[in-house]
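Where a number appears in this text, it was derived from the coordinates with a stated rule and is not lab data. Keep in mind that this is a model prediction, so the values were computed, not measured. We place every Cβ from the backbone using ideal geometry, glycine too, and count neighbours over all the protein chains shown.
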Amino acid sequence: MPPPKHTASTTDSPQRHRWCHWHKGPSETAVLVDAVERNSAPPIALYACAPCREQRGLIPLADRP
Ligand SMILES: [Zn+2]
């Protein structure tokens, strides 16, 4: 595997471009809202962006009690 290329950007956040599973596109506002449990497999993490969370009434896992 080649080493990562250095760019002008110093940001090294893997979470910069997340995926919204509701509108099925990349979103910088997407946060983890749910995880689907599967039998004999790790749960699937579901991310939703701010507009989708508002439309569907989704609550980020981090904001839950
Ligand atoms: Zn979305």
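What does the charge count near C20 come to, summing +1 for each Lys or Arg and -1 for each Asp or Glu among other residues with Cβ under 13 Å from its Cβ?
Values: positive: R18, K24, R53, R56; negative: E28, D34, E54.
Surrounding charge for C20 is +1.
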By the scheme Lys and Arg +1, Asp and Glu -1, what is the net charge of all other residues having a beta-carbon under 13 Å from that of I44?
-1
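Taking 0.36 nm per residue of sequence separation and subtracting the Cα-Cα distance, how much length would be gained by fully extending the chain between D34 and R56, in nm to one decimal? Provide the component values of the computation, followed by the final result.
Values: separation 22, 0.36 × 22 = 7.92 nm, distance 1.27 nm.
Result for the pair: 6.7 nm of gain on full extension.
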Quick one: which residues, 5+ away or cross-chain, put their amide H under 5 Å from the amide H of S27? H built at 1.01 Å from N.
R18, W19, C20
Along the charge dipole of region 18-63, Cβ charges K/R +1 and D/E -1, which of P51, A35, W22 sits furthest on the positive end?
W22
Could you run the Karplus curve 6.51 cos²θ - 1.76 cosθ + 1.60 with θ = phi - 60° over region 54-62 and give me ³J(HN,Hα) per residue in whole Hz, x for Gly and Pro?
5, 5, 9, x, 7, 10, x, 4, 5
